[in-house]
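*Asks:* Take this structure first; my questions come after.
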Amino acid sequence: MSAFTAESGSRSAERGRLFAQPVAVLLIVAAVLVWAFTTDLDTVEQESINASSILTYTWQHLVLSVVITILVLVIALPLGVMLTRRWAKPAAPVFLAIANIGQAAPAVGVLVLFFLWTGLEGVAAAAPPIAFYALLPVLRNTIVGIQQVDPALVDAGRGIGMSSGAVLRRIELPLAIPLILAGLRTSLVLAVGTATLAQFVNGGGLGEMIDTGYKLDRVSVLTVGAVLAVALALLVDWLGAVAERYFGPKGIG
Amino acid sequence: MAENVTTTPLDNADGDAVSGVEIQLNEVTKRYSGQREPAVDSFTMTVPAGNIVVFVGPSGCGKTTTMRMINRLIEPTSGKITIGGEDALSLDPDQLRRRVGYAIQQAGLFPHFTVTQNIAVVPGLLGWDKKKISDRVEEMMDLVGLDPSVFRDRFPRQLSGGQQQRVGVARALAADPPVLLMDEPFGAVDPITRGNLQDELLRLQEELHKTIVFVTHDFDEAVKLGDRIAVLGNQSKILQYDTPDAILANPADDTVAGFVGAGASLKQLTLLRVHEVEMTQAVTAKTSESVEEMRKRIDARGGRPFGLVLDERGRPLRWVHKRDLASGRRLSEAGRPVGDLVSKQSTLQDALEAMLTEGGGVAVTGGRGEYAGVLEMETVMNKIRELREEHGDGADE
Ligand SMILES: Nc1ncnc2c1ncn2[C@@H]1O[C@H](COP(=O)(O)OP(=O)(O)OP(=O)(O)O)[C@@H](O)[C@H]1O
Ligand SMILES: [Mg+2]
């Protein structure tokens, strides 16, 4: 009985959050923008705080985040799956250690080192190192998510004639989805936040506004850039929550 | 009865409603890497088509390993396995497993699949068309006693343990495999549900005649289900492979005897039905008759001074001793009421139980409750002795 109420309690809290979070984000963004556009702006501020540049920075930030997401998925998901296969299991600690280093090292350091090493600029220079920095949660959760699938289910699947690929596709991955999505959500929030550093390598994004505001001592520009970055991260987090809710396997939990 | 082991391969087309096929294991050995002793050492056995063969033995003796080599979830290190005459080791393992039903403890149902989806897996893998699959799923649910309209769209966690096991059995049987492997399938349910599931498996088997290899820890389960029981020792050594009767009556050695446990004779009595042994006839009279009439009959018989009073429809009512039959009394009040009855379908164990409450012979009834005879303690004793001798072959002497 108490378990039931506790569960439904946390469920309704979750549902409330699902609704409240985007509303709150939109309100904050609207408030900051209204404030920014209604105060007297000097010419320096006007150069950053106008519809077209705000849209451009936000758009750049989004593009960068999407590219990072794709990189994270394309690298961490197959790698995580592979590292749970029997033949590759011994390699799992090695890759986890590398990913751990990636996350432990300061993101700026990884970014700059990659820039110096490759000589690339823009999104190409920013996306790979940030993806490297942010992929650990997806990698780890993919591995853990697959490992926590009851071995009896894998055995049952093989025992009734599913190939190992079919067992992976129809049993292991679906049952690991909640953890993978949780990892992805963490990765994305990390990525969106870290993408503010892309401006160090001419990667654009809201980091430009924060940087301009800071260097030219314009609090309004700094605030708008920072609030939009935070709002974007919260929005991504919300999308992750929605995904977890609607793409998780049915029948469990 | 113990001797009718079929050694010629049978196949599906052999009629006789036997849809199972024979399984042969020939000097099958499994050596896990990094272990000195093989887990299964040169195991040779023929599982006759259409039979239930139960592997029993202590934990870790290799029952699961042996069974899993049949569908190659574990690859044998050496040896030969044929299923219906076909060399299992030369087939593609996935193809092989689609033709061998597999049911395990806790059912192993996929939690994110509905009951329907779980049962439909193997037919799906075999490429059946949608209509055929959905018909088959319904049929299987009916077969294992689950109402499709209620359970079709449920997820496993919305089922009781017993219902999950039923779905597990339905899934294993969905593609109508000739062979079924069951590894402690009823190990995780309560004793009453387990009893029901066992009864149902026997009922299914009566219809389907599959070849079933069944693993259990529980000797009583083995006795109840097995056409033959293989008692296994360490490294899957076959200590005895025979009918339940024969093993109970004459365990091959002390280890088997230990496994059979105390009360082997009692367990044996669960295998026999009252109609299979001889009954005696008591002196009877209907309640409408007089005490004098009954006394006359008892005297005329000249045996023991007892009789049985029946009601108008011939059902046993009261036991009477000759001295209860004083003139002037009515038969419906003489003697003492019948305490316990058994039917012709009862097991001898039930009959013995009833005899203990009755303090002697027990009245036996037919299908409609009518008197059919009396079973004496002595008959049961003789039967036990007879079984011992029949399966003895001098092993004890
Ligand atoms: N994958 C494995 N690797 C190494 N050894 C194993 C493996 N599986 C089983 N064994 C060993 O092989 C022996 C037989 O195991 P098996 O599972 O066949 O026993 P069992 O009779 O089914 O036992 P239980 O009744 O407890 O299920 C045991 O000693 C076990 O430790
Ligand atoms: Mg076992």
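The values are calculated or read from the model by the stated rules, or taken from the named source; none is laboratory data. Note that this is a predicted model, so its numbers are computed, not measured. Glycine gets a Cβ as well: all are built from the backbone with ideal geometry, and neighbour counts include every protein chain shown. The accessibility values were calculated without ligands, DNA or RNA, using every heavy atom of the protein model including side chains. Shrake-Rupley method; radii C 1.70, N 1.55, O 1.52, S 1.80 Å.
*Asks:* Against the longest alpha carbon principal axis of chain B, how many degrees, from 0 to 90 and to the nearest 10, is the axis of helix B:130-143 turned?
*Replies:* 30 degrees
*Asks:* Quick check: the angle from helix A:136-147's long axis to the longest principal axis of chain A, C-alpha only, nearest 10 degrees?
*Replies:* 20 degrees
*Asks:* Do the sum for chain A: with -39,500 (n - 2.57) for every DSSP H run of n ≥ 4, divided by all residues, what is the mean residue ellipticity at 222 nm, to the nearest 500 deg cm²/dmol?
*Replies:* -26500 deg cm²/dmol
*Asks:* In addition: At most 16 other Cβ atoms within 10 Å and a DSSP loop assignment: could you name the GluC sites (Glu not before Pro) in region B:195-251 that fit?
*Replies:* none
*Asks:* Each label point is 7 Å from the Cα along the Cα-to-Cβ direction; what then is the distance between the points at residue A:66 and residue A:91, in nm?
*Replies:* Inter-label distance under the simple model: 3.2 nm.
*Asks:* Here's another thing I want to ask about it. With springs connecting C-alpha atoms under 10 Å apart, model chain A as a Gaussian network and identify which of A:71, A:55, A:153 has the largest mean-square fluctuation.
*Replies:* A:153
*Asks:* While we're here: Which percent, nearest 5, of DSSP beta bridges in the protein assembly as shown are antiparallel?
*Replies:* 55 percent
*Asks:* I need the phi-derived Karplus couplings for region B:107-119: 6.51 cos²θ - 1.76 cosθ + 1.60, θ = phi - 60°, integer Hz, Gly and Pro marked x.
*Replies:* In residue order, the calculated couplings are 6, x, 6, 6, x, 9, 9, 6, 3, 4, 5, 4, 5 Hz.
*Asks:* Continuing with the same structure: With a 1.4 Å probe and every protein chain left in place, work out the accessible area per residue of the protein assembly as shown in Å², rounded to a whole number.
*Replies:* It amounts to 48 Å² per residue over the protein assembly as shown.
*Asks:* If I take every Cα pair under 8 Å that is 6 or more residues apart in chain A, average their sequence separation and divide by the length, what percent do I get for the relative contact order?
*Replies:* 26 percent
*Asks:* Moving on to the next point. Once R0 is set to 22 Å, what does the formula 1/(1 + (r/R0)^6) return for the Cβ-Cβ distance between residue A:43 and residue A:121, expressed as a FRET efficiency to the nearest 0.05?
*Replies:* According to the calculation, E is roughly 0.20.
*Asks:* Moving on to the next point. In nm, give the distance between the simple-model label positions of residue B:59 and residue B:253, each being 7 Å from the Cα along the Cα-to-Cβ direction.
*Replies:* Between residue B:59 and residue B:253, the label points sit 2.4 nm apart.
*Asks:* Using a probe radius of 1.4 Å on protein heavy atoms only, what is the accessible area buried between chains B and A, both sides summed, to the nearest 100 Å²?
*Replies:* 1800 Å²
*Asks:* Hey, what angle do you get for helix B:161-173 against the long axis of chain B, alpha-carbon based, 0 to 90 degrees rounded to 10?
*Replies:* 60 degrees
*Asks:* Tell me the relative contact order for region B:240-366 as a rounded percent, counting alpha carbon contacts under 8 Å between residues six or more apart.
*Replies:* Over region B:240-366, the number comes to 22 percent.
*Asks:* Take the Cβ-Cβ distance between residue B:377 and residue B:160 as r, set R0 to 30 Å, and report the resulting FRET efficiency rounded to the nearest 0.05.
*Replies:* With a Förster radius of 30 Å, E is 0.10.
*Asks:* With the cut-off at 20 Å, tell me which of the pairs B:267/B:344; B:63/B:237; B:63/B:224; B:237/B:267; B:30/B:80 have Cα atoms farther apart than that.
*Replies:* Violating the 20 Å limit, Cα to Cα: B:237/B:267.
*Asks:* Still on this structure, I have one more. At a 1.4 Å probe, which residues in region B:132-175 are at least 10 Å² less accessible with all protein chains present than in their chain isolated?
*Replies:* B:155, B:157, B:171
*Asks:* Then there's this: Compute the relative contact order of chain B as a whole-number percentage, counting only Cα pairs closer than 8 Å that sit 6 or more residues apart in sequence.
*Replies:* Taking the mean separation of contacting Cα pairs over the length of chain B, I get 15 percent.
*Asks:* Roughly how far apart, in whole Å, are the Cα centres of region B:298-347 and region B:205-261?
*Replies:* Value for the Cα centre distance between the two parts: 42 Å.
*Asks:* Count the DSSP beta bridges whose two residues both fall in region B:275-385, then state the antiparallel fraction as a percent rounded to the nearest 5.
*Replies:* Here the antiparallel bridges make up roughly 65 percent for region B:275-385.
*Asks:* How large, in percent, is the carbon and sulfur part of the accessible surface of the protein assembly as shown at a probe radius of 1.4 Å?
*Replies:* That share works out to 57 percent.
*Asks:* Still on this structure: Among A:218, A:17, A:86, which one moves the most in a GNM of chain A with springs linking Cα atoms closer than 10 Å?
*Replies:* A:86
*Asks:* Of all beta bridges DSSP finds with both residues in chain B, what is the antiparallel percent, to the nearest 5?
*Replies:* 55 percent
*Asks:* Counting only helical runs of four or more DSSP H residues, what would the 222 nm mean residue ellipticity of chain B come to if each run contributes -39,500 (n - 2.57) and the total is spread over all its residues?
*Replies:* Roughly -10000 deg cm²/dmol at 222 nm, from the helical runs in chain B.
*Asks:* Using a 10 angstrom cutoff on alpha carbons, build the Gaussian network for chain B and name the most mobile of B:222, B:257, B:175.
*Replies:* Looking only at B:222, B:257, B:175, the biggest GNM fluctuation is shown by B:257.
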